[in-house]
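Everything below concerns the one structure shown next.
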Number of protein chains: 2
Amino acid sequence: MQTPWEHRYAQRTQRMASSAIRELLKLTEKPDIISFAGGLPAPEVFPVQEIEEACIQVLRREGSKALQYSATEGYLPLREMIARHTSRYGIEVIAENILVTSGSQQALDLLGKIFINRGDRILVESPTYLGAIQAWQAYGAEFVAVPSDENGMVIDALEEALRTGPKFIYVLPNFQNPTGVTLSLDRRQELVRLAARHGVPIIEDDPYGQLRFEGDHLPSVVVLDGQYQENHDSCYRGNVIYLSTFSKTLAPGLRLAWVIAPPDVIRKLVQAKQGADLHTSTFNQMIAYEVSHGGFLDRHIRLIRQVYSERRNLMLELMEETFPPGVRWTRPQGGLFLWSVLPDWLDAAEVLKMAVEHKVAFVPGAPFHPCGGGHNTMRINYSNASPEQIELGITRLGEVLQQLVISAQPA
Amino acid sequence: MQTPWEHRYAQRTQRMASSAIRELLKLTEKPDIISFAGGLPAPEVFPVQEIEEACIQVLRREGSKALQYSATEGYLPLREMIARHTSRYGIEVIAENILVTSGSQQALDLLGKIFINRGDRILVESPTYLGAIQAWQAYGAEFVAVPSDENGMVIDALEEALRTGPKFIYVLPNFQNPTGVTLSLDRRQELVRLAARHGVPIIEDDPYGQLRFEGDHLPSVVVLDGQYQENHDSCYRGNVIYLSTFSKTLAPGLRLAWVIAPPDVIRKLVQAKQGADLHTSTFNQMIAYEVSHGGFLDRHIRLIRQVYSERRNLMLELMEETFPPGVRWTRPQGGLFLWSVLPDWLDAAEVLKMAVEHKVAFVPGAPFHPCGGGHNTMRINYSNASPEQIELGITRLGEVLQQLVISAQPA
């Protein structure tokens with residue numbers, strides 16, 4: 001008597017079909033393939049030695065407290081440290097504004113859980129982060145794509161999209177995943193103003209904002225909202241929910257991120273998190289605090305910026321040399337990714353098949369478009385490959401593209 | 001312009017109202033109160049030294065791999081070790097049957113996500129684990145309470161409840177939370193038979209099964225199901241989803257647990273977990289593997305059994321001496337909790353108020369009853385208090401109960 005599991009799953013589970021892209025990407029995991037497909041930070045700069053010292057310190061000082069259950073909100077010294085750290089980027093908040101989560105992906109899931117009713121519309125940049133689409137589809141969200149260009153979300157299009165009565169606006173203003181594009185300052189201000197006028201909250205996802213290696217830091221949407229709302233209190237009570245993470249500055253394997261929001265929203269998120277995983281690892285929170293609190297994090301971020309800047313420069317240089325005419329790409333000022341647009345008649349999924357034969361991989365851009373489109377786009381990661389791999393991999397990818405583009409030229 | 005957040009939340013968030021009991025329990029967190037309210041393991045037996053050594057080993061051997069993103073399914077050596085470990089308890093499975101989760105609470109949440117449509121009925125013991133109620137209410141589950149007695153779920157009542165067309169049956173067969181009661185062998189067999197006949201899956205939650213300090217180990221429901229289904233393959237493909245955890249044997253602060261299920265169910269859980277938190281901390285999984293794999297875990301579990309056995313014995317002895325006639329309690333053969341039933345006219349929430357004045361606390365039993373009832377019950381934890389605290393706390397609680405029961409006697 002076999003259990004007929006397929007008849008037991010919830011409706012939302014039927015929508016969780018494994019994507020074709022994921023199947024394709026499994027091919028890229030072979031060791032001889034140079035992959036620009038993932039979104040992994042450079043492991044060479046993980047502070048392995050400092051984390052070892054922090055483990056020892058934490059266990060000797062905190063003992064069994066580091067291994068016991070702890071508060072859902074997160075470890076208070078860590079939340080206070082996050083408040084101090086974000087204030088360097090102009091985000092002035094108190095611990096009551098902060099929830100520690102098990103990575104930003106959990107923050108996206110919890111936000112879906114507390115906000116989304118089936119059929120609710122979410123405004124997103126197109127393309128946008130795949131993990132947000134995945135998290136919110138499970139709650140039955142519908143997506144309304146707002147086109148973006150080299151300055152981010154197009155504000156005229158946003159104004160129109162706001163008339164669909166969305167639940168919230170989701171935006172990645174800095175070195176966006178997947179495009180690497182940064183939302184310009186005037187658009188940030190327009191976004192804040194429009195959202196407030198329509199009473200529609202903004203979710204600002206900012207995993208890479210600290211990793212700017214070129215140009216000047218732009219104020220976060222949450223900061224501009226605080227100014228617009230005249231939020232002079234040290235406790236933030238505005239219209240923006242801000243996400244960031246230790247995954248790109250310290251180490252993703254610790255699964256540590258945070259949400260900044262008005263205390264009322266934090267309380268709801270805490271209730272949702274209690275049901276989701278009780279709390280984030282006590283030990284990991286103490287490690288992150290121990291490693292970071294003495295100023296190490298700021299120094300370490302400077303190192304990461306330097307490494308990523310070198311890798312981006314090398315990649316851009318090689319793309320200039322090897323990619324054929326008709327192929328365009330972004331020039332991110334920070335973060336982990338750049339984005340390339342192929343001639344319209346080229347399908348990036350087909351390019352990937354050929355690229356894999358040539359031992360190089362990227363992610364085709366179509367799945368980042370929740371409302372369709374983008375068949376001729378590709379996301380390329382420059383943080384995770386060594387300079388040698390970038391040299392070899394981009395040369396290979398250039399050859400593949402040359403072959404495809406030139407073979408299609410009229411004779 | 002204040003954002004009207006309360007109008008933005010999803011319907012499920014309205015159901016997440018903070019419970020009165022949680023407010024009451026905040027009172028019990030004062031340092032001078034002896035609390036039997038929590039569900040915390042004894043911190044005195046956490047293997048702090050061994051975990052420190054494991055951290056060092058893991059970081060020196062695995063380096064940055066321990067800090068990088070990793071597979072959603074979990075760290076393969078850990079999944080293989082779990083398979084070997086559970087086989088000591090008769091559960092023979094392969095790595096494809098195992099998903100590592102961020103604590104058992106996450107397993108409950110993911111199971112809710114993949115199975116529960118709004119309005120689905122879940123059969124639960126009454127009383128049952130509060131965390132499961134909390135996780136599944138968020139997905140709109142309705143609960144059907146199956147009464148339980150000193151041998152666990154009453155099978156006649158289960159047979160009747162199965163006619164409501166439930167999505168699954170949720171059961172904690174060993175030293176149940178909150179009652180401490182163990183499901184008898186013949187009832188386990190009946191449960192397996194009835195569930196298979198009705199085509200209704202069973203979720204077997206077993207956080208404490210390894211912590212038996214009296215009597216003989218009883219085969220898990222998943223094992224009996226394998227026999228009933230004649231599952232002779234090493235890959236389990238039956239009707240039971242089994243949960244267990246490192247929280248009660250190693251340390252809860254690492255947030256590590258696992259699900260055992262047919263591979264098809266594991267695949268769906270993996271998809272749900274991708275959207276929920278990508279994966280469980282790489283580093284913590286490697287630490288758990290490093291600490292446990294050489295036989296340490298089995299030795300350590302023997303130590304925990306001894307400590308908990310002593311604490312339970314002391315508590316039972318003191319209750320015998322100090323609790324007034326008319327108050328009954330269970331005598332668990334393992335786990336962390338015992339359960340006391342007061343005279344029907346006593347409200348445990350009122351008792352708690354008076355107990356807190358006398359600097360001792362427990363959890364009133366009503367919230368563990370998803371369909372009402374249990375106002376005169378209380379859950380008492382014996383794992384987390386030292387023998388001195390148990391002595392003092394139970395004496396105080398006995399005095400409170402004496403006062404309440406004797407003052408109510410006819411003159």
Those residues of segment B:188-202 that are crowded, with 23+ Cβ neighbours inside 10 Å and either touching a helix residue (DSSP H, G or I) at 6+ places or on another chain (Cβ under 6 Å) or without any contact (Cβ under 8 Å) to a residue 40 or more places away in the chain (or both) come to a total of 4
Counting only residues in segment A:316-330 that are touching a Ser or Thr at 6+ places or on another chain (Cβ under 8 Å) and outside any helix (DSSP H, G or I), the one surrounded by the fewest Cβ atoms within 10 Å (Cβ to Cβ) is identified as A:R328
Condition (residue is part of a helix (DSSP H, G or I), loosely packed, with under 15 Cβ neighbours inside 10 Å and outside the structural domain of A:V124 (by TED's automatic domain parsing)) applied to segment A:365-374: is it met by at least one residue? no
Among (1) under 30 Å from B:V240 (Cα atoms); (2) surrounded by 23 or more Cβ atoms within 10 Å (Cβ to Cβ); (3) more than 7 Å from chain A (Cβ to nearest Cβ), B:I116 falls short only on (3)
(1) of a type in the set (S, T, N, Q); (2) modelled with pLDDT under 95; (3) farther than 28 Å from A:R12 by Cα all hold for B:Q274 apart from (3)
* A:R396 touching a residue at least 12 places away in the same chain (Cβ under 8 Å), of a type in the set (K, R) and either assigned to a helix (DSSP H, G or I) or under 20 Å from A:D32 (Cβ atoms) (or both) -> yes
Expected single match for out of contact with any Asp or Glu (no Cβ under 8 Å at 6 or more places or on another chain), modelled with pLDDT of 95 or more and assigned to a loop (DSSP other than H, G, I, E, B) among A:A411, A:A385 is A:A385
Note on segment A:280-291: residues surrounded by fewer than 24 Cβ atoms within 10 Å (Cβ to Cβ) and at the interface with another protein chain (Cβ under 7 Å from one of its Cβ atoms) are none
The residue from A:L130, A:L110 that alone is aliphatic (A, V, I, L, M) and either in contact with a strand residue (DSSP E or B) (Cβ under 8 Å, 6 or more places away or on another chain) or over 20 Å from B:G275 (Cβ atoms) (or both) is A:L110
Only unsatisfied item for B:R60, checking (1) without any contact (Cβ under 8 Å) to a residue 12 or more places away in the chain; (2) not in a helix (DSSP H, G or I), is (2)
When segment A:4-29 is checked residue by residue, the ones that are in a loop (DSSP other than H, G, I, E, B) and modelled with pLDDT under 80 are A:R15, A:M16, A:A17, A:S18, A:S19
For B:I34, the lone unmet condition from (1) surrounded by fewer than 20 Cβ atoms within 10 Å (Cβ to Cβ); (2) of a type in the set (A, V, I, L, M); (3) in contact (Cβ under 8 Å) with a residue 40 or more places away in the chain is (1)
The correct count of residues that are more than 20 Å from the chain's Cα centre (by Cα), surrounded by fewer than 23 Cβ atoms within 10 Å (Cβ to Cβ) and either of a type outside the set (V, I, T) or within 11 Å of another protein chain (Cβ to nearest Cβ) (or both) in segment B:80-113 is 10
Taking the criterion of being facing chain B (nearest Cβ under 8 Å) and in contact (Cβ under 8 Å) with a residue 60 or more places away in the chain, would at least one residue in segment A:297-310 satisfy it?
no
Checked segment B:42-68 for anything facing another protein chain (nearest Cβ under 8 Å) and within 30 Å of B:L392 (Cα to Cα); matches are B:P43, B:E44, B:F46, B:V48
Counted residues in segment B:44-103 being more than 28 Å from B:E310 (Cα to Cα), out of contact with any Pro (no Cβ under 9 Å at 6 or more places or on another chain) and basic (K, R) come to 4
Within segment A:127-158, the residues that are within 14 Å of chain B (Cβ to nearest Cβ) and either buried (at least 18 other Cβ atoms within 10 Å of the Cβ) or more than 24 Å from B:F115 (Cα to Cα) (or both) are A:Y129, A:L130, A:G131, A:A132, A:I133, A:Q134, A:A135, A:W136, A:Q137, A:A138, A:Y139, A:A141
Picked from segment B:135-181 (must be among the polar types (S, T, N, Q) and over 13 Å from the mean Cα position of the chain (by Cα)), the residue farthest from B:S104 (Cα to Cα) is B:T164
Apart from one, (1) more than 30 Å from B:V400 (Cβ to Cβ); (2) in the same structural domain as B:R379 (by TED's automatic domain parsing) all hold for B:K26; the odd one out is (1)
Only one of B:H232, B:H217 is surrounded by fewer than 24 Cβ atoms within 10 Å (Cβ to Cβ), away from chain A (no Cβ under 11 Å) and modelled with pLDDT under 95, namely B:H232
Within segment B:331-345, restricting to residues that are over 22 Å from the mean Cα position of the chain (by Cα) and either surrounded by 20 or more Cβ atoms within 10 Å (Cβ to Cβ) or among the acidic types (D, E) (or both), the one that is nearest to B:K30 (Cα to Cα) is B:L342
When segment A:261-279 is checked residue by residue, the ones that are more than 24 Å from B:Q274 (Cβ to Cβ), touching a helix residue (DSSP H, G or I) at 6+ places or on another chain (Cβ under 6 Å) and more than 7 Å from chain B (Cβ to nearest Cβ) are A:P263
Taking segment A:235-260 and the residues there that are among the charged types (D, E, K, R) and within 8 Å of chain B (Cβ to nearest Cβ), the one that is surrounded by the fewest Cβ atoms within 10 Å (Cβ to Cβ) would be A:R237
Exercise for review: Could you please let me know if A:I122 is within 29 Å of A:L194 (Cα to Cα) and not small (G, A, S)?
Suggested key: yes
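The values are calculated or read from the model by the stated rules, or taken from the named source; none is laboratory data. Given the structure is predicted, the values throughout are model-derived calculations rather than measurements. No Cβ is skipped: glycine too gets one built from the backbone with ideal geometry, and neighbour counts run over all protein chains shown.
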